[in-house]
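Colleague: Handing you this structure, nothing more for now.
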Amino acid sequence: MIKINLLPREEQQRRISVKIPQAVAVTVIILVAVGMWAYWRSLKGELERLRVDSAGIRSEIARAKQIVQLIEQYERDKKQLKDRLTLIQGLISAQGSAVRLLDGISQVMSDDIWLAAINKVSGRVVLQGYASSHFAVAKLMLALERLRPLIGSVELSVIERQLHENKPVERFEIVAGMPG
């Protein structure tokens with residue numbers, strides 16, 4: 001036997017609309033999670049690149065500090081060499097006049113005069129020595145005056161008679177002015 005229902009059907013409301021928003025929400029959450037992961041990955045790469053750049057800059061700074069130290073050492077050495085050069089040039093110019101003066105004195109010395117000391121005191125040369133006579137001292141003074149560019153003025157400071165090995169000699173002291 002067959003049963004047939006002739007009553008109208010009750011319509012049930014179906015909630016199909018609920019399933020569609022859940023799928024969209026899950027998809028959006030997955031897309032947001034993937035986007036956040038991609039952004040985190042890019043930030044991590046940027047951070048690593050900045051760390052490498054920072055290390056490179058630090059090594060550049062260290063090299064620059066070494067170069068600065070080398071430059072400072074070079075400047076100190078340069079100043080020290082200039083000071084030494086100035087000192088040497090001063091010594092050379094002073095030595096040149098002293099050498100010429102001693103050479104000139106040795107050329108004007110006669111056999112009857114011998115020097116005991118030569119001193120330079122406040123721009124003046126003091127010659128101390130012994131001579132066999134007053135005439136030998138006078139000749140020496142005239143010869144020293146001929147050394148005019150090296151010696152400015154010649155004055156007899158002391159002359160006295162002494163005995164040396166039982167022979168009379170004249171002890172003298174001549175003061176000669178230095179030009180400049």
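The values are calculated or read from the model by the stated rules, or taken from the named source; none is laboratory data. Just so it is clear, the model here is predicted, and its values are computed rather than measured. Don't worry about glycine lacking a Cβ; one is built from the backbone with ideal geometry, like all the others, and counts go over all protein chains shown.
Colleague: Of the residues in the range 145-180, how many are touching a strand residue (DSSP E or B) at 6+ places or on another chain (Cβ under 9 Å) and either of a type in the set (K, R) or free of Cβ contacts under 8 Å to residues at least 40 places away in the same chain (or both)?
Modeller: So the count comes out to 17.
Colleague: Between residues in the range 86-115 that are within 19 Å of S153 (Cα to Cα) and residues that are of a type outside the set (S, T, Y) and assigned to a helix (DSSP H, G or I), which pairs lie under 7 Å by C-beta distance while being six or more apart or on different chains?
Modeller: V108/L140; V108/A143; V108/L144
Colleague: Are there any pairs, at least 6 apart or on different chains, whose C-beta atoms fall under 6 Å, with the first in the range 122-143 and within 14 Å of E155 (Cα to Cα) and the second part of a helix (DSSP H, G or I), and if so, which?
Modeller: A143/V108
Colleague: With respect to L31, is the statement that it is within 30 Å of A117 (Cα to Cα), surrounded by 10 or more Cβ atoms within 10 Å (Cβ to Cβ) and aliphatic (A, V, I, L, M) true?
Modeller: no
Colleague: May I ask you to say which residue of A131, A94, A64 is surrounded by 10 or more Cβ atoms within 10 Å (Cβ to Cβ) and at pLDDT below 90?
Modeller: None of the other options fit; the residue is A94.
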